[in-house]
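Just below is one structure, and these are the notes that go with it.
The values are calculated or read from the model by the stated rules, or taken from the named source; none is laboratory data. Bear in mind the structure is a predicted one, so any value in this text is a computation, not a measurement. A quick note on method: Cβ atoms are made from the backbone with ideal geometry, for glycine too, and the neighbour counts reach across all protein chains shown. Side chains are part of the model used for accessible areas, which takes the heavy atoms of the whole protein and leaves out ligands, DNA and RNA. Shrake-Rupley method; radii C 1.70, N 1.55, O 1.52, S 1.80 Å.
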Amino acid sequence: MVDALGAGEVFLTSFEHDSAKVGYDVDFIRDVAAVANVPVIASGVCGNYGHMADVLSSTRAAAFATASILHFTGQAPRKAKHFLAEHGFQVKL
């Protein structure tokens, strides 16, 4: 798999969802993470804190990346971390 080519992780973006803020492409991420033998990072399409929780609970993604929600909506990383903690995810507060 990709680790044989030297990859240490996969940074996965769905261009159909990219920057639309409609949520991560959970089916695509789930399929890739299920067969990847390196960590998968979901990227690019978070519109609210629920999308963060959804991608973590519905896939084997090791992490997610987000930018638009933080840059263009006034949402804050601290609020995201508290939301995730309140929904049972381990985060460093």
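So how many residues does the range 4-33 have that are open to solvent by less than 70 Å² (accessible area, probe 1.4 Å) and either at pLDDT below 90 or in contact with a strand residue (DSSP E or B) (Cβ under 9 Å, 6 or more places away or on another chain) (or both)? Explain how you work it out, then say what you get.
First pass over the range 4-33, keeping only residues open to solvent by less than 70 Å² (accessible area, probe 1.4 Å): 6-8, 10, 12-14, 17-18, 20, 23-26, 29, 32-33.
Next, from what is left, pick out any that are either at pLDDT below 90 or in contact with a strand residue (DSSP E or B) (Cβ under 9 Å, 6 or more places away or on another chain) (or both): 6-7, 10, 12-14, 17-18, 20, 23-26, 29, 32-33.
Counting residues in the range 4-33 that are open to solvent by less than 70 Å² (accessible area, probe 1.4 Å) and either at pLDDT below 90 or in contact with a strand residue (DSSP E or B) (Cβ under 9 Å, 6 or more places away or on another chain) (or both) gives 16.
Inspect all residues belonging to the range 52-60 and state whether any of them is in contact with an Asp or Glu (Cβ under 8 Å, 6 or more places away or on another chain), open to solvent by 50 Å² or more (accessible area, probe 1.4 Å) and either touching a residue at least 12 places away in the same chain (Cβ under 8 Å) or closer than 16 Å to Y24 by Cα (or both). Step through it out loud before you land on a result.
First pass over the range 52-60, keeping only residues in contact with an Asp or Glu (Cβ under 8 Å, 6 or more places away or on another chain): none.
For the range 52-60, residues in contact with an Asp or Glu (Cβ under 8 Å, 6 or more places away or on another chain), open to solvent by 50 Å² or more (accessible area, probe 1.4 Å) and either touching a residue at least 12 places away in the same chain (Cβ under 8 Å) or closer than 16 Å to Y24 by Cα (or both): absent.
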